[in-house]
Amino acid sequence: MLKKKRIIAYSVLAVLILFCAFFLLPSSNQSKNQKKNITHLESITKEVKDGLKKTGMDKVTNYVINRAESMWSNDPFSDQKPAGPTSKKINGAVTSPDMPGRIRPVFTYSGYMEVGEKRMAIINGMEYELNEELEIKGYYVDTIEQNWVIIEDKKNQEKITVFFGNP
């Protein structure tokens, strides 16, 4: 009985080895076909490049890419404006007109999300939940409504209302 088991095991092993050799070793026809496909693709690529050079698309494409990569003075797709009343710039810092000499950060409320009981606001491009501290230290989200958000300045005990889309 042991001899039959060995014969069966060796025959199964031999079949597996032949199977692997057949499927894993590339056939000579496939390598020739692959070489033909590669040369065909290279010729198509060369034709397209030559056609683009003739039509002048390279110059236009390079110009568009260079303009897109260059730094923009302002983003034409952004409708964000500074939050709060009109303010003055003193030495690059924004000061509030009702409290001269005090620096007030600029907040932009640009998005609102409500999933079940959870409300989230997008302020200055970041997502915040209730009572979460803003990226600007000392400011926390006090209230989130669909059309406005109230931001609390814990240090100065002040609440700032920022309206949606209208800074």
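Of the residues making up segment 120-154, just one is among the aromatic types (Phe, Trp, Tyr) and under 25 Å from the mean Cα position of the chain (by Cα), namely Tyr128.
Do we have Glu127 as loosely packed, with under 12 Cβ neighbours inside 10 Å, assigned to a strand (DSSP E or B) and touching a strand residue (DSSP E or B) at 6+ places or on another chain (Cβ under 7 Å) here?
yes
Residue-level analysis places Arg119 among those that are at pLDDT 65 or above and of a type in the set (D, E, K, R). Against the numbered list (1) at pLDDT 75 or above; (2) surrounded by 10 or more Cβ atoms within 10 Å (Cβ to Cβ), Ala21 comes up short only at (2).
The values are calculated or read from the model by the stated rules, or taken from the named source; none is laboratory data. All values derive from a computational prediction rather than experimental measurement. Virtual Cβ from ideal backbone geometry, glycine too; neighbours counted across all protein chains shown.
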